[in-house]
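Trainee: Once you've had a glance at the structure underneath, I'll fire off some questions.
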Amino acid sequence: MQMSKRMIAALTVAVVALVALPVAAQEPIKVGVIAEFSGPFADYGAQIEAGMKAYIKQHGDTVGGRKIELITRDTKGPAPEVAKRFAQELITRDKVQFLAGFGLTPNAMAVAPVVSEAKVPMIISNAATSAITTRSPYITRVSMTIPQVSAPMAEWALRNGIKQVYTVVADYGPGIDAETQFTKTFKAGGGEIVGTLRTPLQNPDFSAAIQRVKDAKPQAVFVFLPAGEQGIAFVKGFNERGLAEAGIKLIATGDITDDHVLAAMGDPTLGMITAFHYSAAHDSPENAAFQKAYAEANEAKLGSPNFMTAAGYDTMHVIYEVVKKVGGDIDGDKAMAAIKGMKWTSPRGPVSIDPETRDITQTIYIRKVEKKNGKLANVEFDKIADVKDPGK
Ligand code: PHB
């Protein structure tokens, strides 16, 4: 085919325009953020995005001379098919270089085959079922795994004279991981599981479960529930039915005393012991800088940042570092090579990405809810450094 003069002229204009563009005016680096922005899990998307914005506020909205653009998509809750369609559209139509977000496990799982096929790096900002990162070599995770926070809770219970525990978990990936790992570690140390209950992910009613725990009279109940409303409801029921007075302790992964809802749960949380990787009360210069940027980048009505906010912030850290190392035109394999072994100081403490599993290695803290400067806080009093995911 011969090119007409008009076509040649148009092409020349296009080429000249491209060459003449200042660096920052080049195509932005697009990050597709798939998360829950409405419905009962709306705080997940809000906090992840707020953390991302805090990072951008603190580090500038360009990296390697390219602007960073977040493109958010709302799954409205656990909706694997919707998450998958968003991932396909973001990759093929919007040409995102990264996918990120993912509060809930089913949404993250559904996207794994899409990123495998497209070779697009996917950075999980929350979803915590251990197996997710095994589903694609293009997945990494900067949040936690549920076994990583459940094993230390079992160890703490054993060290503190707790020998009989009832487990109550949400009936899906992370809940089953929590039950499995807690049981394994607890039994290995001589503990006994006296009862096990699983509650539905959607619209659970905890009254029957709480009564059954009370009737069984264990020394403690170990709980995993997805952060937010469910924890509030469980703690309320636990108190109303007088389990604490009956001598039953409540121990849990830190999802339940989520910093974002702690004030709403109120004084009944005082004394609760949890194991987790991030507390808003963590005392470090990095956490102070993160919280300052969070306050500047977001509206005050968003309330306290939590572990999802911190993970959103760390998600952007990984993206910025990848762009610095491999440039803005992301090749999935080069990006993953840059991510493996990456080390930094997060607002939660020192972290690194395990090159074998692409999961995060981090300190797990044992915390107690106390009043700090008049406010409820998850105060860290013990820690285990360099914890990997024991679920793999
Ligand atoms: C998950 O769905 O993987 C999940 C959700 C909420 C949490 C932790 C894990 O607090």
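Trainee: Can you confirm whether M144 is among the aliphatic types (A, V, I, L, M), near the ligand (Cβ under 9 Å from one of its atoms), surrounded by 24 or more Cβ atoms within 10 Å (Cβ to Cβ) and within 18 Å of R358 (Cβ to Cβ)? Step through it out loud before you land on a result.
Mentor: Values: among the aliphatic types (A, V, I, L, M): yes; near the ligand (Cβ under 9 Å from one of its atoms): yes; surrounded by 24 or more Cβ atoms within 10 Å (Cβ to Cβ): yes; within 18 Å of R358 (Cβ to Cβ): yes.
Yes, satisfied.
Trainee: From the residues in the stretch 295-308 that are away from the ligand (no atom under 16 Å from the Cβ), surrounded by fewer than 20 Cβ atoms within 10 Å (Cβ to Cβ) and in contact (Cβ under 8 Å) with a residue 12 or more places away in the chain, which one is nearest to Y55 (Cα to Cα)?
Mentor: Initially, the stretch 295-308 is screened for residues away from the ligand (no atom under 16 Å from the Cβ), giving 295-303.
Checking the rest, the ones that are also surrounded by fewer than 20 Cβ atoms within 10 Å (Cβ to Cβ) come to 295-297, 299-303.
Next, only the ones that are in contact (Cβ under 8 Å) with a residue 12 or more places away in the chain stay: 296-297, 302-303.
On the way: E296: 11, A297: 9, L302: 16, G303: 17 Å.
Per the stated criteria, the residue is A297.
Trainee: Pairs under 8 Å by beta carbon, first residue away from the ligand (no atom under 13 Å from the Cβ) and modelled with pLDDT under 95 in the stretch 102-115, partner part of a helix (DSSP H, G or I) and not small (G, A, S), six or more apart or different chains?
Mentor: Close Cβ pairs satisfying both conditions: none exist.
Trainee: Follow-up question, since we're still on this one. Can you tell me how many residues in the stretch 270-294 are closer than 25 Å to T183 by Cβ, more than 16 Å from the ligand (Cβ to nearest atom) and not aliphatic (A, V, I, L, M)?
Mentor: Number of matching residues: 1.
Trainee: Would you mention how many residues in the stretch 33-55 are surrounded by 20 or more Cβ atoms within 10 Å (Cβ to Cβ) and either at positive phi or not acidic (D, E) (or both)? Spell out the reasoning first.
Mentor: To start, the set of residues in the stretch 33-55 that are surrounded by 20 or more Cβ atoms within 10 Å (Cβ to Cβ) comprises 33-37, 41, 43-55.
Those left that are additionally either at positive phi or not acidic (D, E) (or both): 33-35, 37, 41, 44-48, 50-55.
The qualifying residues number 16.
Trainee: Something else: I'd like the residue in the stretch 74-91 that is surrounded by fewer than 17 Cβ atoms within 10 Å (Cβ to Cβ), over 16 Å from E49 (Cα atoms) and touching a residue at least 24 places away in the same chain (Cβ under 8 Å) and, out of all such residues, is nearest to the ligand (Cβ to nearest atom).
Mentor: P80
Trainee: Separate question: Can you tell me which of (1) within 30 Å of A42 (Cβ to Cβ); (2) aromatic (F, W, Y); (3) out of contact with any Ser or Thr (no Cβ under 8 Å at 6 or more places or on another chain) is the one F224 doesn't meet?
Mentor: (3) is the only condition that F224 fails.
Trainee: While we're on this one: Considering only the stretch 100-132, how many residues are over 20 Å from P174 (Cβ atoms) and hydrophobic (A, V, I, L, M, F, W, C)?
Mentor: So the first thing to find is which residues in the stretch 100-132 are over 20 Å from P174 (Cβ atoms), and the list is 113-121.
Those still in the list that are hydrophobic (A, V, I, L, M, F, W, C) too: 114-115, 118, 120.
So the count comes out to 4.
Trainee: Related question: Taking the stretch 147-174 only, how many residues are surrounded by 24 or more Cβ atoms within 10 Å (Cβ to Cβ) and either aromatic (F, W, Y) or within 13 Å of the ligand (Cβ to nearest atom) (or both)?
Mentor: Within the stretch 147-174, residues that are surrounded by 24 or more Cβ atoms within 10 Å (Cβ to Cβ) and either aromatic (F, W, Y) or within 13 Å of the ligand (Cβ to nearest atom) (or both) number 6.
Trainee: For the stretch 358-376, how many residues meet the condition of being within 23 Å of N160 (Cα to Cα), crowded, with 22+ Cβ neighbours inside 10 Å, out of contact with any helix residue (DSSP H, G or I) (no Cβ under 7 Å at 6 or more places or on another chain) and of a type outside the set (S, T, Y)?
Mentor: 1
Trainee: Would you tally the residues in the stretch 349-379 being charged (D, E, K, R) and touching an Asp or Glu at 6+ places or on another chain (Cβ under 8 Å)?
Mentor: Filtering the stretch 349-379 down to residues charged (D, E, K, R) leaves 354, 356, 358-359, 367-368, 370-372, 375.
From what's left, touching an Asp or Glu at 6+ places or on another chain (Cβ under 8 Å): 354, 359, 367.
The total comes to 3.
Trainee: Can you name the residue in the stretch 292-343 that is modelled with pLDDT under 95 and among the charged types (D, E, K, R) and is also farthest from the chain's Cα centre (by Cα) among such residues?
Mentor: Per the stated criteria, the residue is D329.
Trainee: Please name all residue pairs, on different chains or six or more residues apart, with Cβ atoms under 6 Å, provided the first residue is in the stretch 248-262 and is at negative phi and the second residue is within 11 Å of the ligand (Cβ to nearest atom) and part of a strand (DSSP E or B).
Mentor: Pairs that qualify, where the first residue is at negative phi and the partner is within 11 Å of the ligand (Cβ to nearest atom) and part of a strand (DSSP E or B), are T253/F224; G254/F276.
The values are calculated or read from the model by the stated rules, or taken from the named source; none is laboratory data. This one's a predicted model, so the numbers in the text were calculated from it and none came from an experiment. Ideal geometry is used to build each Cβ from the backbone, glycine not excepted, and the neighbour counts take in all protein chains shown.
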